[in-house]
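The values are calculated or read from the model by the stated rules, or taken from the named source; none is laboratory data. In this text, all values refer to a predicted model and were calculated from it rather than measured experimentally. Every residue, glycine among them, receives a Cβ derived from its backbone with ideal geometry; neighbour counts consider all protein chains shown. Side chains included, ligands, DNA and RNA excluded: accessible areas come from the protein's heavy atoms. Shrake-Rupley method; radii C 1.70, N 1.55, O 1.52, S 1.80 Å.
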There are 2 protein chains.
Amino acid sequence: MSQHSQKQDQHSVGIVGAGLVGCVAALAFVSKGYTVTLFEARDDPNNQVERNLRSINLAVSNRGIRTLKEIDENLAEKVLEHVIPMKGRMIHDITGKKQESQIYGLNGECINSIDRAYLNKILLQELKRRNVKVYFQHKLVRLSNMDKHPAIETINSTGEMERFTFDYIIGADGAHSQFRYQLQKFMRMSFAQEYIDMQYIELYIPPDPKKKFAIDANHLHIWPRHDFMLIALPNQDGSFTSTFFSPWSVIESMQTGEEFVQFFAKNFPDALELIGEKPLLEAFEKNPRGSLMQVSAYPYNSPNGKAIIIGDAAHSMVPFYGQGMNCGFEDVRILMDLIDKYGIDTAFIEYSPQRKKDLDAICKLALDNYYEMSSKVTNIWYLAKKKLDYSLGRVFKNKWLPLYTMVSFRDDIPYSKAIEIEKRQTKIVSNVQIGVITSLAIYGVYLAAKLCDKKR
Amino acid sequence: MSQHSQKQDQHSVGIVGAGLVGCVAALAFVSKGYTVTLFEARDDPNNQVERNLRSINLAVSNRGIRTLKEIDENLAEKVLEHVIPMKGRMIHDITGKKQESQIYGLNGECINSIDRAYLNKILLQELKRRNVKVYFQHKLVRLSNMDKHPAIETINSTGEMERFTFDYIIGADGAHSQFRYQLQKFMRMSFAQEYIDMQYIELYIPPDPKKKFAIDANHLHIWPRHDFMLIALPNQDGSFTSTFFSPWSVIESMQTGEEFVQFFAKNFPDALELIGEKPLLEAFEKNPRGSLMQVSAYPYNSPNGKAIIIGDAAHSMVPFYGQGMNCGFEDVRILMDLIDKYGIDTAFIEYSPQRKKDLDAICKLALDNYYEMSSKVTNIWYLAKKKLDYSLGRVFKNKWLPLYTMVSFRDDIPYSKAIEIEKRQTKIVSNVQIGVITSLAIYGVYLAAKLCDKKR
């Protein structure tokens with residue numbers, strides 16, 4: 001086993017995982033003057049030919065963008081050059097004929113569709129520009145020497161074992177984090193992973209030869225059908241990445257691609273036309289089924305403040321609030337703020353108690369939002385509340401904020417605070433709704449009485 | 001890497017973990033005619049000199065004994081020859097002068113103190129007698145080939161990798177199960193581990209030179225002090241294995257062995273005398289602090305019914321109901337019953353939904369029982385309820401069963417059923433208690449009124 005040791009004047013940081021959150025963390029630490037090394041089990045995405053068929057398109061929004069901006073304004077701009085803004089949801093009804101736009105923000109705020117692979121490549125390029133060493137095909141095998149200079153032990157594609165020591169180490173290796181598993185051997189970390197009874201299949205809507213985008217480009221398209229749903233997010237080339245979500249029983253009840261096509265004809269007739277029968281049939285036969293899992297862990301740091309987990313490794317959530325990556329980027333920003341405030345040793349320790357309530361909050365919101373996306377968006381009471389909510393938001397400006405606005409467009413409001421505010425507001429809206437109904441009822445009785453009076 | 005393959009006429013079973021549950025499972029499968037191979041990361045306990053200082057003494061009771069009996073009546077007898085029956089709890093008060101016996105069973109039933117290492121050795125001897133191959137110092141590295149003949153890949157003490165294939169594989173490798181971790185790569189297993197804010201230190205009460213046992217041999221001794229407690233279980237040589245449980249903050253507030261001794265002088269004066277100042281001081285300085293964790297997982301089996309986890313690997317619980325091992329042995333019995341009923345393939349699949357509610361139930365009971373042991377045993381209302389509960393139990397025989405009796409002495413009542421019955425009974429007892437108080441109050445008013453009458 002070869003030995004490597006980072007012993008410069010400045011602190012050395014080793015990061016496991018060169019996905020989105022790992023790369024952003026690396027850039028943040030480099031910007032602060034740390035010596036950073038990244039390890040990634042997979043190959044360099046620049047060498048990969050095959051498209052990963054398990055990436056639900058991402059929506060980068062306010063919290064994610066703020067982190068990028070704080071690292072480097074130019075980097076944020078570079079990312080935003082390649083997004084497609086989505087100003088609302090477009091709800092497709094079951095006839096395939098009607099579409100209804102539900103706007104996200106009070107003031108035209110948008111969430112931004114971006115391709116995961118593309119974003120990852122931009123970040124890796126930026127790391128290369130800053131001379132950060134990224135070891136691809138270096139799989140984490142073991143953490144060791146945690147007392148003093150924690151070591152990351154890896155195995156590479158040729159079976160060679162290597163050992164790298166650092167001052168601090170960070171795990172950003174996703175929901176199935178090996179870093180987290182290793183860290184658990186050195187500390188008492190509570191941990192839970194819960195599979196949601198839901199699968200997803202990635203589908204593809206090609207560009208339109210004439211109008212480029214076959215459906216409106218600036219919306220997140222949803223086909224809500226209660227127990228299951230289809231969504232589609234735009235890509236820059238005019239295509240849409242579409243995802244079908246359903247309980248496992250629904251997909252397993254279909255044996256052949258033909259049945260899947262029939263299912264689409266019945267439930268998503270316009271989407272079937274957009275995707276095409278043959279590609280849909282092939283997708284059913286070839287594309288993998290993804291599973292959905294929530295992960296929570298606590299605390300996130302080792303007791304001595306030498307190691308920490310961030311992103312999906314600490315809090316993997318279902319994708320229904322579009323906050324997974326944004327929250328992971330926010331992890332990095334919060335950590336940087338704490339480093340500025342307390343220094344790195346204390347920051348790693350302070351992070352856990354300070355961050356927990358917000359991570360718990362967004363994981364719960366993400367789960368609840370499946371119900372909102374698949375069912376509530378067509379419910380008359382939900383729509384009435386939403387309308388009232390947004391009206392109040394327009395009238396009272398910063399004093400009244402819809403939950404979606406707070407979560408997606410207000411990085412100054414922590415997730416847990418957003419839930420608190422929403423609870424208070426919901427109570428008021430409900431009271432207003434009850435008030436309106438009561439007033440209408442009283443007015444009705446009054447009219448009836450008047451009518452009776454007249455009859456007499 | 002060397003390759004081994006078990007391909008006989010009979011089915012082959014590989015078991016990871018040669019602790020208590022793994023050994024019992026191996027014996028059960030051998031009894032049914034399977035070819036069994038065991039793998040254990042640690043060394044053969046017969047080669048170990050050092051005593052493991054992290055084993056809270058075990059209490060084998062009804063459920064555990066039943067499993068042993070169903071495998072082999074002689075084996076059960078051999079085990080029971082070396083236990084010390086405990087017929088109740090002995091509560092030690094804070095003055096160190098008063099002890100109070102609280103009997104466990106209605107009809108003199110006992111739980112049985114036994115040394116973990118000793119029990120493990122008996123089981124390993126039995127496996128040797130039956131020519132079951134046990135590979136010690138073979139650490140599980142990977143599971144593979146899960147579709148057809150699942151493979152257990154191990155690394156031994158000299159760094160040699162080996163691969164063994166079987167028809168069925170079983171994980172019985174404890175709370176930190178590597179088998180479970182590997183199995184999660186092939187299936188959607190929900191999983192949670194939660195650390196309880198509590199540590200324990202093992203202590204030792206030596207035999208008495210005159211009377212052999214310094215305190216009553218046939219009790220589980222408890223020094224309940226609400227936030228923390230001390231317990232002691234008898235060993236055959238006259239000694240007691242004692243364990244001090246407390247929140248981490250309590251033990252961490254003490255810096256030196258002297259402080260620990262002072263703490264004992266204040267809270268457990270009689271125990272201090274039994275242990276001795278010097279050994280107590282040394283124990284504080286040398287003995288490791290154990291942590292307590294609850295583990296739950298679901299489902300326990302791979303979807304194809306080729307792999308399953310049992311014992312602590314599936315459901316590690318805190319030790320306060322003395323059911324961890326008993327429940328693990330019961331896992332084996334339930335699995336054997338299902339094999340008899342459905343055949344092995346279906347049994348592995350049927351086991352999960354059938355066993356879940358009982359495992360959830362006992363894990364919760366174990367946690368709740370800390371409160372009972374450390375606090376409630378001195379509470380007047382608790383004692384009144386218990387007395388009434390046991391009186392009703394004596395009067396109504398099998399129609400009224402205290403919870404402790406059902407859990408510890410009635411293997412015919414599943415854990416979840418025991419909780420159900422207890423809930424119903426508690427309601428009745430509470431009503432009786434309220435009835436008695438109300439009657440007393442009415443009688444008091446009546447007496448007062450009579451007194452007033454007289455005065456007039």
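Restricting region B:279-305 to residues that are among the polar types (S, T, N, Q) and open to solvent by 40 Å² or more (accessible area, probe 1.4 Å) leaves a set whose member that is farthest from the chain's Cα centre (by Cα) is B:ASN304. Scanning region B:77-132 for residues that are among the small types (Gly, Ala, Ser), buried (at least 17 other Cβ atoms within 10 Å of the Cβ) and not in a loop (DSSP other than H, G, I, E, B) turns up B:GLY88, B:SER113.
If you go through region B:388-424 and keep only what is loosely packed, with under 12 Cβ neighbours inside 10 Å and more than 18 Å from B:LYS364 (Cβ to Cβ), you end up with B:ARG394, B:VAL395, B:PHE396, B:LYS397, B:ASN398, B:LYS399, B:ASP412. Candidates are the residues of region A:195-243 that are surrounded by fewer than 18 Cβ atoms within 10 Å (Cβ to Cβ) and acidic (Asp, Glu); the one that is nearest to the other protein chains (Cβ to nearest Cβ) is A:ASP197.
Of all residues in region B:354-381, those satisfying the criterion of being over 15 Å from the mean Cα position of the chain (by Cα) and within 23 Å of B:ARG225 (Cα to Cα) are B:TYR371, B:GLU372, B:SER374, B:SER375, B:LYS376, B:VAL377, B:THR378, B:ASN379, B:ILE380, B:TRP381.
Within region A:140-164, being touching a strand residue (DSSP E or B) at 6+ places or on another chain (Cβ under 8 Å) and open to solvent by 20 Å² or more (accessible area, probe 1.4 Å) holds for A:VAL141, A:ARG142, A:ASN145, A:HIS149, A:ILE155, A:ASN156, A:GLU160, A:MET161, A:ARG163. Would a scan of region B:407-415 turn up a residue that is without any contact (Cβ under 8 Å) to a residue 40 or more places away in the chain and not assigned by the TED database to the domain that holds B:ASN326? Within region B:407-415 (the criterion being without any contact (Cβ under 8 Å) to a residue 40 or more places away in the chain and not assigned by the TED database to the domain that holds B:ASN326), the answer is yes, since at least one residue qualifies. In the set B:ILE222, B:ILE201, only one residue is part of a strand (DSSP E or B), in contact (Cβ under 8 Å) with a residue 60 or more places away in the chain and closer than 19 Å to B:GLN99 by Cα; that residue is B:ILE222. Counting only strands (runs of 3 or more DSSP E) wholly contained in region A:135-174, the ones carrying 3 or more residues that are under 11 Å from A:MET1 (Cβ atoms) and in contact (Cβ under 8 Å) with a residue 24 or more places away in the chain occupy A:161-165. Going through (1) among the polar types (S, T, N, Q); (2) open to solvent by less than 10 Å² (accessible area, probe 1.4 Å); (3) free of Cβ contacts under 8 Å to residues at least 24 places away in the same chain one by one, A:GLN262 falls short only on (2). For A:ALA313, are the conditions met, namely being in a strand (DSSP E or B) and within 19 Å of A:GLN193 (Cα to Cα)? Considered against the rule, which asks whether it is in a strand (DSSP E or B) and within 19 Å of A:GLN193 (Cα to Cα), A:ALA313 comes out as no.
Checking the structure you have, find out if any residue of region B:346-359 is in contact (Cβ under 8 Å) with a residue 24 or more places away in the chain, touching a Cys at 6+ places or on another chain (Cβ under 9 Å) and assigned by the TED database to the domain that holds B:LEU203. Yes, that holds for at least one residue. Whether any residue in region B:170-180 is within 14 Å of chain A (Cβ to nearest Cβ) and touching a Leu at 6+ places or on another chain (Cβ under 8 Å) is what I want to check. Looking for residues that are within 14 Å of chain A (Cβ to nearest Cβ) and touching a Leu at 6+ places or on another chain (Cβ under 8 Å), one finds at least one in region B:170-180, hence yes.
When you look at B:ILE362, is it modelled with pLDDT of 75 or more and either part of a loop (DSSP other than H, G, I, E, B) or crowded, with 19+ Cβ neighbours inside 10 Å (or both), yes or no? Answer is yes for this residue. Checked across region A:383-392, the condition of being within 27 Å of A:HIS221 (Cα to Cα), in a helix (DSSP H, G or I) and within 20 Å of the chain's Cα centre (by Cα) holds for no residue. The condition of being in contact (Cβ under 8 Å) with a residue 40 or more places away in the chain, within 20 Å of the chain's Cα centre (by Cα), assigned by the TED database to the domain that holds B:GLU126 and under 17 Å from B:ASN369 (Cβ atoms) holds for only one of B:LEU68, B:LEU58, that being B:LEU58. Taken over region B:176-185, the residue count meeting the criterion of being part of a loop (DSSP other than H, G, I, E, B) and either open to solvent by less than 10 Å² (accessible area, probe 1.4 Å) or at pLDDT 95 or above (or both) is 1.
Under the condition of being charged (D, E, K, R) and either outside any helix (DSSP H, G or I) or not assigned by the TED database to the domain that holds B:ALA214 (or both), the residues counted in region B:255-289 number 1.
Scan region A:147-165 and give yes if some residue there is of a type in the set (Phe, Trp, Tyr), within 30 Å of the chain's Cα centre (by Cα) and away from chain B (no Cβ under 14 Å), otherwise no.
There is no residue in region A:147-165 that is of a type in the set (Phe, Trp, Tyr), within 30 Å of the chain's Cα centre (by Cα) and away from chain B (no Cβ under 14 Å).
The single condition among (1) in a helix (DSSP H, G or I); (2) crowded, with 21+ Cβ neighbours inside 10 Å; (3) β-branched (Val, Ile, Thr) that A:ILE308 does not meet is (1). Can you tell me how many residues in region B:181-194 are of a type outside the set (Phe, Trp, Tyr) and either farther than 21 Å from B:CYS363 by Cα or more than 14 Å from chain A (Cβ to nearest Cβ) (or both)? Residues flagged as of a type outside the set (Phe, Trp, Tyr) and either farther than 21 Å from B:CYS363 by Cα or more than 14 Å from chain A (Cβ to nearest Cβ) (or both) within region B:181-194 amount to 6. Per the conditions (1) part of a helix (DSSP H, G or I); (2) touching a residue at least 24 places away in the same chain (Cβ under 8 Å), the sole criterion not satisfied by B:GLU422 is (2).
With respect to being open to solvent by less than 80 Å² (accessible area, probe 1.4 Å) and modelled with pLDDT of 90 or more, B:TYR370 falls outside the description. If you go through region B:231-254 and keep only what is in contact (Cβ under 8 Å) with a residue 60 or more places away in the chain and outside any loop (DSSP other than H, G, I, E, B), you end up with B:ILE231, B:LEU233, B:PRO234, B:THR241, B:THR243, B:PHE245.
Restricting attention to region B:186-198, the residues that are in contact with a Pro (Cβ under 8 Å, 6 or more places away or on another chain) and either within 28 Å of B:ILE84 (Cα to Cα) or part of a loop (DSSP other than H, G, I, E, B) (or both) add up to 3.
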